[in-house]
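Down below is the structure, laid out as structure tokens.
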Amino acid sequence: MKLQSKLPTLGNSIFSQMSLLAAEHRAINLSQGFPDFPSNPQLIEFLAESARDGLNQYAPMPGVLVLRQQISILVQRCYQRVLCPEQQITVTSGATEALFVAIQALVRPGDEVIVFDPAYDSYQPAVELAGGFTVHVPLQPPLYQVDWVQLEKQISKKTRLIIVNSPHNPTGAVFSHQDWLSLQTLVLKHRLYCISDEVYEHLVFDGEAQLSANQYPDLAERTVVVSSFGKTLHVTGWKLGYAVASVELTSEFRKIHQYVTFSSFTPAQYAIARLLCEQPDDVTGLAAFYQQKRDQFRQALAASAWSLLPCRGSYFQLADYSAFSDLDDVAFCHWLTREHKVAAIPLSVFYRQSPSQRIIRFCFAKEPQTLAMATEILCRLSVLR
Ligand code: PMP
Ligand code: GLN
């Protein structure tokens, strides 16, 4: 008997593929986005204490209240939005779960969902499982800004939802105040819903303002804002994130969350709540910490034949290698991993229809010595032809 696939064109994610290839070839892994340095030792201690203290049974379905209270304090501090922790914040098993659940809650069969290409890989499959269709709006290098006038032409009677991601993976683009206002106008005018994927919210560089859908009340009313403690606290393997939304949207969100996972890993929720309470500056100091890494990476490649695209936020750097190779980006990433022991992600996989370009993505969430070793190799190979 042949099972009819619900996602017939999908294979393993590019992140799994490239991390596996990096391990096979003992390459420096700048592909999948995760830090190679430890998180705050205090956080690990809090986790151990929570487990030892017996906080090991099911958390309440929406997350432990002390963590939701800390999230509401954080959101108020960063964005001046006052939230009700009981009714507007749900702790999830990573941002991935929050995105999936929000999409299932909002998308009905036949609905259209606008995504911007290059787009994070989890959006489209989740939309298709809900019976919807993604409409892909391409962004142009080097700035990858949204043309809001053009975008409005893509909105049809069937458009239900728009998914935005700022700071943006993989391009490092960041929405300006004007972008948020334009988004708000379109969402209200066409009565759309919005999912705002803000997992890199605290990683905005060069003194630019850290803006969020949380700051635009009319937009926020129709938006599920998603974030990730994996990114913010350097613990991607803990798979803890959260969704912030109006009382009405949260209620629909929780109907699905409770049957996807019911609740998320309890001891880590207590540990994160304690850290946010006792060391809140861990979060607010994040931009300066990552900006140093971005600058180290960029400076090391400045005199090479790599052409670096702007990076205003996130922990990813796009680089154009067309000056020294004609390989397509997938072949190039395989060659780079196998022959030169540095792994990266091809940009084309983030598109429905990739333009002809020779650009790949590096993750710079790494120790200074990792970045030094990798950039030395990258400089050397950029003169080979
Ligand atoms: N959205 C974006 C843009 C991401 O880069 C990631 C990956 N880290 C996620 C969502 C998923 O986050 P999490 O690991 O918390 O599931
Ligand atoms: N968000 C990470 C990245 O973009 C990967 C997460 C995953 O492997 N699913 O690299």
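The values are calculated or read from the model by the stated rules, or taken from the named source; none is laboratory data. Just so it is clear, the model here is predicted, and its values are computed rather than measured. Please note: Cβ atoms are built from the backbone with ideal geometry, for glycine as well, and neighbour counts cover all protein chains shown. When the accessible area is computed, the model is the full protein with side chains, heavy atoms only, and any ligands, DNA or RNA have been set aside. Shrake-Rupley method; radii C 1.70, N 1.55, O 1.52, S 1.80 Å.
Once the whole set of protein chains is in place, how much accessible area is left on H234, using a 1.4 Å probe, in Å² to the nearest 10?
Here the accessible area works out near 40 Å².
Tell me which residues come under 5 Å, amide H to amide H, from V342 once H is placed; ignore anything under 5 positions away on its chain.
Sorted by chain and number, the residues that satisfy this are I28, T337.
Residue-wise, which Karplus ³J(HN,Hα) couplings in Hz belong to the stretch 288-297, taking 6.51 cos²θ - 1.76 cosθ + 1.60, θ = phi - 60°, and x for glycine or proline?
Residue by residue, the stretch 288-297 yields 5, 4, 7, 4, 4, 5, 4, 5, 4, 4 Hz.
With a 10 Å cut-off between alpha carbons and a GNM built on the chain, which of R81, R26, R358 moves the most?
Maximum fluctuation in the GNM of the chain, among the listed residues, is at R26.
Students often check this: by mean Cβ neighbours within 10 Å, which of 146-155, 111-120, 371-380, 166-175 ranks highest, and how do the rest follow?
Highest-to-lowest ranking by the protection proxy: 166-175, 111-120, 371-380, 146-155.
Give me the mean projected area, in nm² to one decimal, of the convex hull enclosing the Cα positions of the chain.
Values: hull surface 79.0 nm².
Quarter of the Cα hull surface area: 19.7 nm².
Using the charge dipole of the chain (Lys, Arg: +1 at Cβ; Asp, Glu: -1 at Cβ; taken about the Cα centre), state which of Q145, I272, I44 has its Cα farthest towards the positive end.
Q145
Once you have the Cα-Cα distance between V149 and V66, take 0.36 nm times their residue separation minus that, and quote the gain in nm to one decimal.
Contour length minus Cα-Cα distance gives 25.6 nm.
Mind putting a number on the dipole of the stretch 68-195 about its Cα centre? Charges go on the C-beta only, +1 for Lys and Arg and -1 for Asp and Glu, and I need it in Debye to the nearest 20.
420
Return the long-range amide H neighbours of V135 (sequence gap of 5 or more, or a different chain), with a cut-off of under 5 Å between placed amide H atoms.
Residues meeting the amide H criterion: V113, I114, V115.
Restricting to DSSP H runs of at least four residues, report the calculated mean residue ellipticity at 222 nm for the chain, -39500 (n - 2.57) per run over all residues, nearest 500 deg cm²/dmol.
Result for the chain, helices only: -12500 deg cm²/dmol.
Based on Cβ point charges of +1 for Lys and Arg and -1 for Asp and Glu, what charge dipole magnitude is obtained for the stretch 41-279 about its Cα centre, in debye rounded to the nearest 20?
About 520 debye.
What list of ³J(HN,Hα) couplings, whole Hz, do you get for the stretch 247-254 from phi and the Karplus terms 6.51, -1.76, 1.60, once you set θ to phi - 60° and write x for glycine and proline?
My calculation for the stretch 247-254 gives 4, 5, 5, 4, 5, 5, 4, 5 Hz in order.
Over the chain, average the accessible area per residue using a 1.4 Å probe and give it in Å², no decimals.
44
Across the Cα atoms of the stretch 68-226, what radius of gyration and what greatest pairwise Cα-Cα distance (Dmax) are found, in Å?
Reported Rg and Dmax, both Å: 14.9, 43.
Over the stretch 41-279, what is the mean sequence separation of C-alpha contacts under 8 Å (at least six apart), divided by residue count, expressed as relative contact order in percent?
It comes to 31 percent, rounded to a whole number.
Among 126-134, 85-93, 220-228, how do they line up by average Cβ neighbours within 10 Å per residue, starting with the highest?
Highest-to-lowest ranking by the protection proxy: 220-228, 85-93, 126-134.
Estimate the FRET efficiency between Q353 and A51 by the formula 1/(1 + (r/R0)^6), using the beta-carbon distance for r and 56 Å for R0, to the nearest 0.05.
In this case the efficiency is close to 0.70.
Can you figure out the FRET efficiency of A331 with V260, using R₀ = 25 Å and their beta-carbon distance, to the nearest 0.05?
0.10
Name the chymotrypsin sites (Phe, Trp or Tyr not before Pro) in the stretch 224-313 that are in a loop by DSSP and that have at most 13 other C-beta atoms within 10 Å, would you?
F262
Whole-Hz Karplus ³J(HN,Hα) for the stretch 313-323, in order, using 6.51 cos²θ - 1.76 cosθ + 1.60 and θ = phi - 60°, x for Gly and Pro?
Listing the rounded values in order: x, 6, 10, 10, 10, 8, 9, 9, 10, 5, 5 Hz.
Starting from the Cα of H25, step 7 Å along the direction of its Cβ; do the same at S156; then give the gap between the two resulting points in nm.
Label-label distance for H25 and S156, simple model: 4.1 nm.
In the chain, what percent of the accessible surface is made up of carbon and sulfur (1.4 Å probe, ligands and nucleic acids excluded)?
The nonpolar share, carbon plus sulfur, comes to 54 percent.
To the nearest 0.05, how large is the calculated FRET efficiency for Q4 and E248 if R₀ is 45 Å and r is the Cβ-Cβ distance?
Numbers: r = 36 Å, r/R0 = 0.79.
So, using R0 = 45 Å, E works out to roughly 0.80.
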